[in-house]
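Novice: Mind having a look at this structure? Questions to follow.
The values are calculated or read from the model by the stated rules, or taken from the named source; none is laboratory data. These figures come from a predicted structure and were not determined experimentally. Please note: Cβ atoms are built from the backbone with ideal geometry, for glycine as well, and neighbour counts cover all protein chains shown.
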Amino acid sequence: MTHNSETQIYYRPDDDYETIKAGFFDLYHNHPDLYDVFAKNQIMQSPLLDEIEKTLKSCDIESGDFLDIGCGTGVMIEQLAPRFPDINFIGIDPVENSLRFARNRCRDYKNTSFQLGKIEEIESVGSQFDVAFSSWGHIQWNIQGGMMERVVKENGIAMLVNNWGADDDFEKLWPNEALGVFRDRINLLKKEEYEVQRLDSHLNLDNEVLFDSMSRIFGSEHLQKHRKTPFQIGIVLAFKKGKALKSFEI
Ligand SMILES: C[S@@+](CC[C@H](N)C(=O)[O-])C[C@H]1O[C@@H](n2cnc3c(N)ncnc32)[C@H](O)[C@@H]1O
């Protein structure tokens, strides 16, 4: 598969998962602006932020260190930082172009910082956090689980957000191989006794900027028919707290 990084990330329903991941890396490097529009809308047009807030509060986390692994353009930290002014939010990502976005949009929040890096490096220096969080990132490096959980403090929580991979409109955009990875991950989380919740995002594709951005990522074919109806995406919100995390090794 070839990618024309100037204008379009080509999407093909029969791509294998490694090809899809490579395509998305091109996107993060070359067009974080396109990814950002999609990511932000997906988050804002869902109950996700309120549910994350409820979860953190129910786990008594209102201060401490929150690591957002694969923070991308910083959409999550931008929304969570003002809700939790006593939490220190640290975003890491290996893509400088995305981090530039993140630093800029969060410049007014003193409880935020961003570092170029990978989860593997954080783990190797032994740093630990009250919250190890990842939205739509962990499946890139953590398909089997374990790594994210190892950077959580003894009474901290691991929390992740991903796509559900079934019973939504997104199913028509993603290749089967990726959908299978999403579903396997949910089963793994349930087996590891994570609390797993399904939420839904309803994207308004009548919005031209959103429609154009998503078309350039996924192709417009399947999106076109949703221009007048919401495009529904199933979202997983999963978390686990405490010492039990330490035993999560695969
Ligand atoms: C699907 S994007 C999610 C971005 C952001 N979390 C959001 O919700 O919009 C996945 C992110 O993971 C990052 N990533 C990939 N491999 C990584 C690794 N080994 N360690 C940390 N981040 C990584 C990518 O650069 C990308 O920004």
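Novice: Return only the number of the condition from (1) farther than 30 Å from Val131 by Cα; (2) in contact with a Lys or Arg (Cβ under 6 Å, 6 or more places away or on another chain); (3) modelled with pLDDT of 85 or more that His222 does not satisfy.
Specialist: Only one criterion in (1) farther than 30 Å from Val131 by Cα; (2) in contact with a Lys or Arg (Cβ under 6 Å, 6 or more places away or on another chain); (3) modelled with pLDDT of 85 or more is unmet by His222, namely (3).
Novice: Of the residues that make up the stretch 70-82, is at least one modelled with pLDDT of 95 or more, surrounded by fewer than 22 Cβ atoms within 10 Å (Cβ to Cβ) and hydrophobic (A, V, I, L, M, F, W, C)?
Specialist: Checked the stretch 70-82: at least one residue is modelled with pLDDT of 95 or more, surrounded by fewer than 22 Cβ atoms within 10 Å (Cβ to Cβ) and hydrophobic (A, V, I, L, M, F, W, C).
Novice: Name the pairs: first residue in the stretch 13-26 and under 18 Å from Glu171 (Cβ atoms), second residue at pLDDT below 85 and in a helix (DSSP H, G or I), Cβ to Cβ under 7 Å, at least 6 apart or on different chains?
Specialist: Filtered contacts from the stretch 13-26: Asp16/Glu177; Tyr17/Glu177; Tyr17/Ala178; Tyr17/Val181; Ile20/Ala178.
Novice: From the residues in the stretch 48-94 that are in a loop (DSSP other than H, G, I, E, B) and farther than 19 Å from Pro32 by Cα, which one is nearest to the ligand (Cβ to nearest atom)?
Specialist: Start the filter on the stretch 48-94 by keeping residues that are in a loop (DSSP other than H, G, I, E, B), which leaves 59-63, 70-74, 84-86, 94.
Filter once more, so that each one left must be farther than 19 Å from Pro32 by Cα: 59-63, 84-86.
Numbers: Cys59: 20, Asp60: 24, Ile61: 19, Glu62: 22, Ser63: 22, Phe84: 17, Pro85: 21, Asp86: 22 Å.
Going through the qualifying residues, I end up with Phe84.
Novice: Just name the residue that is nearest to the chain's Cα centre (by Cα) out of those in the stretch 18-47 that are in a helix (DSSP H, G or I) and among the polar types (S, T, N, Q).
Specialist: The initial filter retains those residues of the stretch 18-47 that are in a helix (DSSP H, G or I), namely 18-30, 32-44.
Within this subset, residues satisfying the condition of being among the polar types (S, T, N, Q) are 19, 30, 41-42.
Details: Thr19: 19, Asn30: 18, Asn41: 13, Gln42: 10 Å.
Looking at the filtered set, the residue picked out is Gln42.
Novice: Could you look through the stretch 111-134, keep only residues that are farther than 16 Å from Leu160 by Cα and surrounded by 20 or more Cβ atoms within 10 Å (Cβ to Cβ), and pick out the one that is nearest to the ligand (Cβ to nearest atom)? Steps first, answer last, please.
Specialist: Filtering the stretch 111-134 down to residues farther than 16 Å from Leu160 by Cα leaves 111-118, 120-128.
From what is left, the residues that are surrounded by 20 or more Cβ atoms within 10 Å (Cβ to Cβ) are 112, 114, 122.
Working: Thr112: 14, Phe114: 11, Ile122: 8 Å.
Here the residue is Ile122.
Novice: Still on this structure, please answer the following. Of all residues being of a type in the set (Val, Ile, Thr) and at pLDDT 95 or above in the stretch 103-134, which is nearest to Asp33 (Cα to Cα)? Just the residue, please.
Specialist: Initial filter on the stretch 103-134 (of a type in the set (Val, Ile, Thr)): 112, 119, 122, 125, 131.
Right, trim to at pLDDT 95 or above and you get 112, 131.
Working: Thr112: 21, Val131: 27 Å.
Among those residues, the one meeting the criterion is Thr112.
Novice: Among what's in the stretch 16-61 and is at pLDDT below 95 and among the charged types (D, E, K, R), pick the residue that is surrounded by the fewest Cβ atoms within 10 Å (Cβ to Cβ).
Specialist: Glu18
Novice: Another question, if that's okay. Would you check if there is a residue in the stretch 196-214 being within 19 Å of Lys21 (Cβ to Cβ) and surrounded by 14 or more Cβ atoms within 10 Å (Cβ to Cβ)? Explain how you work it out, then say what you get.
Specialist: Restricting attention to the stretch 196-214, the residues satisfying the condition of being within 19 Å of Lys21 (Cβ to Cβ) are 214.
Add one more test, that the residue is surrounded by 14 or more Cβ atoms within 10 Å (Cβ to Cβ), and what stays is 214.
Yes, there is a match, as at least one residue in the stretch 196-214 is within 19 Å of Lys21 (Cβ to Cβ) and surrounded by 14 or more Cβ atoms within 10 Å (Cβ to Cβ).
Novice: Moving on. Would the stretch 158-167 turn up any residue that is within 15 Å of the ligand (Cβ to nearest atom), among the polar types (S, T, N, Q), under 18 Å from the mean Cα position of the chain (by Cα) and closer than 29 Å to Phe231 by Cα?
Specialist: The answer is yes, given that some residue of the stretch 158-167 is within 15 Å of the ligand (Cβ to nearest atom), among the polar types (S, T, N, Q), under 18 Å from the mean Cα position of the chain (by Cα) and closer than 29 Å to Phe231 by Cα.
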